[in-house]
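**Q** Got a structure here, written out as structure tokens. Questions coming.
The values are calculated or read from the model by the stated rules, or taken from the named source; none is laboratory data. Because the structure is a prediction, the values reported are computed rather than measured. Note that we place each Cβ from the backbone using ideal geometry, even for glycine, and neighbour counts take in every protein chain shown. Only protein heavy atoms, including side chains, enter the accessible area calculation; ligands, DNA and RNA are left aside. Shrake-Rupley method; radii C 1.70, N 1.55, O 1.52, S 1.80 Å.
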Amino acid sequence: MLGKLVPCGGGAPLPLLKPRLLVGRNPDCDVSIPCSTVSSQHCTLEFHEGAWWVNDLNSKNGTSVNGHRCEKQQVAPNDILTLGRQRFVINYQRAVPKIVPTSKREIEEDLALEFLNSASDESGLVNGEPAKSAAMPLMASAVPQRPSSSISRLSDLGRLVPCGGGPPLPLRRIELVLGRSQECDICLRFASISSRHCQMNFDDGYWLVEDLNSKNGTWVDGERCMLQCLMPESVLSLDKYRFTIHYVPSGDGPPPVVKKLFSQSLLEKAGLLNEFTGDRLGGQLLSDDSADRPKRYNLLEPDE
């Protein structure tokens with residue numbers, strides 16, 4: 001498989017099985033998308049020199065990459081591909097051809113590029129500092145990436161890709177607080193997101209999300225939760241803002257999750273249930289003498 005299209009609105013990914021694919025509404029297409037806003041033969045996807053290219057076939061509602069309409073354009077990994085009103089995150093690993101050095105100078109340049117690539121992360125930092133050379137990101141991108149199955153640096157813990165488009169959010173620590181407050185590790189400045197909305201923890205090679213009593217809730221794949229394991233390609237929703245999580249698990253299996261049920265009453269959540277049950281009134285335990293108990297009246301029966 002050369003990659004897959006992950007629907008931003010949720011659903012099963014569409015595998016990319018051949019280097020040239022016809023995409024459209026027609027069931028005979030290689031990738032069939034049964035949607036009225038997608039043309040019968042909407043576009044083609046071609047895998048050329050290690051990257052996917054999209055070519056619009058004069059579709060009615062157009063083809064866009066990261067919100068920009070195009071006729072023919074390269075689609076990088078984790079870009080948002082929009083066909084009509086259907087949006088997909090294209091997920092694949094770029095294949096860069098290995099050029100064998102033939103001279104001593106080329107060998108030295110190749111070693112230097114490998115050193116820069118090992119010292120740099122996805123944000124273009126070298127040892128935590130901005131790269132001094134403007135050409136450094138271009139050089140680093142020309143070096144084949146390390147296998148994604150190894151998680152050896154915090155920058156390899158994954159990223160959250162906004163389903164509505166936008167730059168991905170790298171997950172650089174094993175404990176992250178998401179919310180509207182500027183003190184959060186990932187700040188999301190939206191009014192409907194709580195100041196401290198949820199917390200993500202990397203536990204035994206898997207990401208867990210825990211709701212921090214947010215106002216509008218935390219959701220995983222459309223189900224509201226208090227504590228849940230985030231599997232790769234899951235959709236994490238904070239109120240109406242959705243993100244697809246991309247990472248490679250490093251554990252043998254997902255850790256056990258203790259689910260907190262929404263069926264608890266407010267007294268149970270506050271830990272005050274025992275204070276208001278039994279024979280307690282005003283914090284004082286009443287005696288067994290019925291004369292000390294307050295008299296109860298039934299409005300449906302006459303008073304004796």
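**Q** Sort Thr82, Thr218 by heavy-atom solvent-accessible area, probe 1.4 angstrom, most to least.
**A** The residues order as Thr82, Thr218, largest area first.
**Q** Given points 7 Å out from each Cα along the Cα-Cβ axis, report the His68 to Lys18 separation in nanometres with one decimal.
**A** It is 3.0 nm.
**Q** I've got another one for you. List, largest first, the extents of the alpha carbons of region 7-96 along their principal axes, each in whole Å.
**A** 37, 24, 23
**Q** Another question about this same structure. Taking H placed 1.01 Å from N in the peptide plane, check which residues at least 5 places from Trp207 or on another chain put their amide H under 5 Å from its amide H.
**A** Answer set, sorted by chain and number: Leu230.
**Q** When ligands, DNA and RNA are left out and all protein chains stay put, how many square angstrom of accessible area per residue does region 148-239 have with a 1.4 Å probe?
**A** I get 47 Å² per residue for region 148-239.
**Q** Once phi is turned into ³J(HN,Hα) by the Karplus curve 6.51 cos²θ - 1.76 cosθ + 1.60 with θ = phi - 60°, what whole-Hz value does each residue of region 206-213 show in order, with x for glycine and proline?
**A** Karplus-based 3J(HN,Hα) across region 206-213 equals 10, 8, 10, 10, 10, 6, 9, 6 Hz.
**Q** Report the Cα centroid-to-centroid distance between region 1-63 and region 155-176 in angstrom, as an integer.
**A** Cα centroid to Cα centroid, the span is 25 Å.
**Q** Continuing with the same structure: Estimate the FRET efficiency between Trp53 and Glu223 by the formula 1/(1 + (r/R0)^6), using the beta-carbon distance for r and 41 Å for R0, to the nearest 0.05.
**A** Values: r = 37 Å, r/R0 = 0.89.
Using R0 = 41 Å, I get an efficiency of 0.65.
**Q** In nanometres, what is the gap between the two model label sites at Cys187 and Ser32, each 7 Å from Cα along Cα-to-Cβ?
**A** 4.9 nm
**Q** Just to check I understand the Karplus step: with θ = phi - 60° and J = 6.51 cos²θ - 1.76 cosθ + 1.60, what whole-Hz values come out for region 185-193, glycine and proline as x?
**A** 5, 10, 8, 10, 7, 10, 5, 7, 9
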